[in-house]
Amino acid sequence: MATSDRTVNTAAARPALPADRALSAAEIVQGCKSTTMYSWSAGDSVDPIPFVRGERVWLWDADGKRYLDWNSQAMSVHVGHQHPKIVKAIQKQAEQLLYVYGGAATEVRARLGDKLARLMPGNLNTTFFTLGGGEANENAVRAARAVTGRHKIVVRYRSYHGATALTINMTGDHRRWANEPGPPGIVRVMDPQPYHYSFGASEEEVTANNLKYLDEIIMYEGGHTIAAFVLETMTGTNGVLPPPAGYLAGVRKLCDQHGILLVCDEVMTGFGRTGRWFAFEHGGIQPDLITMAKGLTSSTLPLGAVGVNDRVAQHFKKNVFYGGHTYNSHPMCLAAALANIEVIEDEGLVDNARRLEPVMRDEMARLQKKHPSMKAGRAIGLFGMIDLQKNARGEPFHPYGQSGPVMAALSKAFREHGLVTFLKNSNFTCIPPLCITEEELREGFAIVDKGLDVVDRHYEA
């Protein structure tokens, strides 16, 4: 077809965005909303902030307003925004080698593989690179099925594992509903902490009861048919819930009894978020596979990874791993990851998360005494969440899987006072970059305090 015969796109009827100047805040927002789609949202309802600059724990919009990043964007900007060492590493790699396909060998691949092998504990010595966390979980399942010759995958209801066709259906929460029916072989089980979890039992009782239940489920499903148990080591957006005492060790024991591979989803918790390099270290266990992303590069460039133990790695020395795509082991992304890990090490950010945990807990305790609408707060490292309630019975403001006017009002208050975070159902996250100072952390909670004043107006005394 000749150029003159091409059908004119309907977008040509609109004025083009100006190329000779920076766009205004309104132009950025309108341009994004009119020609791009937003994830997990109806496009007409989104009201995105037009960010143009970032530095450490701060972001600025096109009008010059400053915001404290209270969620590390996607729970992922561990080292803070625009870290100069990562920027320099990306620039250097761009000058040397922008891209080769995943079947090639590169220096940065060798160096990052070696770094991760030394960083991951125990016999987790081999890594398969992907482009994100959901893809890492999908490949972990693919590997587990190939190694065991089994097909079933056990997952929990209070979980999120990604947005691919497989991982959104491995996800337990309401985000999977619109994507069902999913692929076969997924077995969902209850978490040790149910959604309505005020039962007054001790951690030991909660653990013992849940492990008995898991053992029975495995019996019903047939342990010989289960390839892997995939779990967020610490539940993320569905509660920021550290497992009760003994739970991880008990799950590890059950998996060993039945030859089930244990996959720890460390996409959100890995690389220092909980005050350890990996959250499973709190439980004193050794998984067979771990999945990583987010903090692996601090989201400067897209990268995920599957860390596998020697048994799994040896299997694929002799057998083909049927996985991969165009961007596997992309040198630009690997360079960002290598620099990012070095920053976490050099600046002591894992220790900083551990050091500031009691500060976050103290601030949450202070706010809970002051605000009747605050039901509870939890934190491990710099991984925190606050639950809200509409009455003394602890009922949420909105039904499970829904938001509503109260959370919308809270979001607006946070935005007006210069704080951005993730709000869901009747809770919100407190997950700032690991480089945050104590002064900045308390500044964030001062804004949270003001936001809870708004929520208190809706509390039913």
Filter result for G113 (at positive phi, at pLDDT 95 or above and either of a type outside the set (V, I, T) or surrounded by 14 or more Cβ atoms within 10 Å (Cβ to Cβ) (or both)): no
Wholly enclosed strands (runs of 3 or more DSSP E) of the stretch 359-453 bearing at least 2 residues in contact with a Cys (Cβ under 7 Å, 6 or more places away or on another chain) and modelled with pLDDT of 95 or more: 383-388
Single match in L254, L262 (criterion: assigned to a helix (DSSP H, G or I) and either at positive phi or in the same structural domain as F129 (by TED's automatic domain parsing) (or both)): L254
Check on L131, assigned by TED's automatic domain parsing to the domain that holds L261, surrounded by fewer than 21 Cβ atoms within 10 Å (Cβ to Cβ) and not hydroxyl-bearing (S, T, Y): yes
Residue within the stretch 94-110 that is within 21 Å of T127 (Cα to Cα), hydrophobic (A, V, I, L, M, F, W, C), modelled with pLDDT of 95 or more and surrounded by 14 or more Cβ atoms within 10 Å (Cβ to Cβ) present: yes
Residue within the stretch 305-326 that is of a type in the set (K, R) and closer than 30 Å to A446 by Cα present: no
Test: residue in the stretch 214-225 that is in contact with a helix residue (DSSP H, G or I) (Cβ under 7 Å, 6 or more places away or on another chain) and assigned to a strand (DSSP E or B): no
Residue pairs meeting the criteria (Cβ under 8 Å; at least 6 apart or on separate chains; first of a type in the set (D, E, K, R), in the stretch 204-229; second assigned to a helix (DSSP H, G or I) and modelled with pLDDT of 95 or more): D215/L254
Residue within the stretch 453-461 that is over 30 Å from D63 (Cβ atoms) and surrounded by 16 or more Cβ atoms within 10 Å (Cβ to Cβ) present: yes
Selection count, the stretch 288-328, where residues are of a type outside the set (F, W, Y), in a loop (DSSP other than H, G, I, E, B) and more than 21 Å from the chain's Cα centre (by Cα): 6
Every residue from the stretch 248-287 that is crowded, with 24+ Cβ neighbours inside 10 Å and more than 20 Å from the chain's Cα centre (by Cα): V251, I260, L261
Selected residue (only one of R109, R188 is in contact with a Phe, Trp or Tyr (Cβ under 9 Å, 6 or more places away or on another chain) and more than 22 Å from A279 (Cβ to Cβ)): R109
Residue within the stretch 137-158 that is surrounded by fewer than 23 Cβ atoms within 10 Å (Cβ to Cβ), in contact (Cβ under 8 Å) with a residue 60 or more places away in the chain, in the same structural domain as H325 (by TED's automatic domain parsing) and among the hydroxyl-bearing types (S, T, Y) present: yes
Filter result for V57 (within 23 Å of the chain's Cα centre (by Cα), surrounded by 14 or more Cβ atoms within 10 Å (Cβ to Cβ) and either closer than 26 Å to L419 by Cβ or in the same structural domain as T421 (by TED's automatic domain parsing) (or both)): yes
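The values are calculated or read from the model by the stated rules, or taken from the named source; none is laboratory data. Please read these numbers as outputs of a predicted model, since none were measured by experiment. Neighbour counts run over all protein chains shown; Cβ positions are idealised from the backbone, glycine included.
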